[in-house]
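Since the structure comes first, as structure tokens, the remarks are kept for the end.
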Amino acid sequence: MPEASRTAPDPTTADNFPDSKTAADSACSIQATLDLVGDRWTLLILRDVFRGVHRFSELRDDLGIARNLLTDRLNRLVEHEILQKVPYQERPVRHEYRLTTKGADLSPALVALMGWGDRWAADGQPPTLLVHEHCQTPLEQVLLCPTCDENVTPSHIRSRPGPGRTALGASR
């Protein structure tokens, strides 16, 4: 067999990005979430909306994103009811983008990503601090057991099948 035919597959080919989901993907809430909000621009748009940037032109200027990409990501977030379009001007009609309850529920995930970045990508020197509005104390994100009222660390987390597990996903 010629040497060239024994080389590793090209990781950039379409064969390495399957169109269909595996059984494990269909039973994974992380995968389902990433399918909706898992690209760089979507996460940065959400970050800006959480910070109070709501208008298309403000988002475009702040992010330096191309108009077509911003339009695509905003339309997708509206389609999936993460953001809602709210008119702020009648002539011409212009909209701003506001978080829905579903969108606001992404806050802990974004805070977790930020905390990880503060520790591992910013050498422990956070560029922005999240503080309690009332007393200005920097916030900590913790997992709390509602039964024991104890903080839970990653080494004490286990998983088990949940009520949304599909029969197909359960076979893995």
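Some notes on this structure:
- Here the relative contact order of region 36-172, from alpha carbon pairs under 8 Å that lie six or more residues apart, stands at 14 percent.
- Fewest-first ranking of W120, W41, using other Cβ atoms within 10 Å as the exposure measure: W120, W41
- What you get for region 23-156, charging only the Cβ of Lys and Arg (+1) and of Asp and Glu (-1), is a dipole of about 600 debye around the Cα centre.
- Region 72-113: GluC sites (Glu not before Pro) in DSSP coil with no more than 11 other Cβ atoms inside 10 Å: E81, E90
- The fewest-to-most ranking of V49, V152, V93 by surrounding Cβ atoms within 10 Å reads V93, V152, V49.
Just so you know, all these numbers are worked out from the coordinates, no wet-lab data involved. Bear in mind that the values here come from a model prediction, so they are computed numbers and not experimental data. As a convention, Cβ positions derive from the backbone with ideal geometry for all residues, glycine included, and neighbour counts pool all protein chains shown.
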